1. Using alpha-carbon positions, what is the distance between the centroids of the range 121-151 and the range 1-73, in Å?
2. If packing is taken as the mean number of other Cβ atoms within 10 Å per residue, what is the order of 107-113, 40-46, highest first?
3. Grab the Cα-Cα distance for Ala154 and Asp8, subtract it from 0.36 nm times how many residues apart they are, and report the gain in nm with one decimal.
4. Taking a point 7 angstrom from the Cα of Asp28 along the C-beta vector, which residues in the range 45-77 have backbone N less than 19 Å away?
5. Averaged per residue, what accessible surface does the range 20-64 expose to a 1.4 Å probe, in Å²?
6. With every protein chain kept in place and ligands, DNA and RNA left out, what is the accessible area per residue of the range 69-175? Probe 1.4 Å, answer in Å².
7. Tell me the relative contact order for the chain as a rounded percent, counting alpha carbon contacts under 8 Å between residues six or more apart.
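The values are calculated or read from the model by the stated rules, or taken from the named source; none is laboratory data. Since the structure is predicted, the reported quantities are computational estimates derived from the model, not experimental observations. For neighbour counting, all protein chains shown are included, and Cβ atoms are generated from backbone atoms with ideal geometry for every residue, glycine included. Heads up: the accessible areas ignore ligands, DNA and RNA and are worked out on the full protein's heavy atoms, side chains in. Shrake-Rupley method; radii C 1.70, N 1.55, O 1.52, S 1.80 Å.
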Amino acid sequence: YNVNPLYDSSIYGSGVSIAVIAPCAVADLSPATAYRTLETLPAATLTTQTYGSPAVCTVDFADEAFLDLELAGAVARKAQIYLVSSSSLFAAVQGVVSSGLTQVVTMSYGECEGPQDQQWLALWQQAHNQGITGLVSSGDTGAAGCDAHTATTATHGAAVNGYCASQYVICVGGT
């Protein structure tokens, strides 16, 4: 993504807050703190925010949450990073948008496009109207958004990640 021009201009995310979305709760943020130390990143206060009563993350969901948390903090080294969780991705993003917690929302989960996208379209439009930038991973399957992440061909036709099927969100690889 060539962030070096930003760093060359001393832009490291100061004054920016980022919500990393998880559909479950992660209680121990020490792996993210260890990552920052290992990568010689400046110390940061990583904060959790929950909306509702999310279940505890399974290993797979915790790994995805840490990946997002660690890399958001690695790129925006001086940003305030929140790990936001709820009982669903939608509820977590809705909590951030309703509260105005952060200026940026990022998540890297995927779902096949479908009728449920209407609620996401409205939520991303609301976030956009409030000045909140939404970033969603394009997914591990590219244009095969309705196939398993291990699929080598699109057997269900071309489709994008349903969470980023909106003009009000940035759908990008590796968020």
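1. Using only Cα atoms to place each centre, the spacing works out to 19 Å.
2. Descending mean neighbour count gives 107-113, 40-46.
3. Gain on stretching Ala154 to Asp8: 48.5 nm.
4. 46-49, 55-70
5. Dividing the accessible area of the range 20-64 by its residue count gives 59 Å².
6. 45
7. Over the chain, the number comes to 23 percent.
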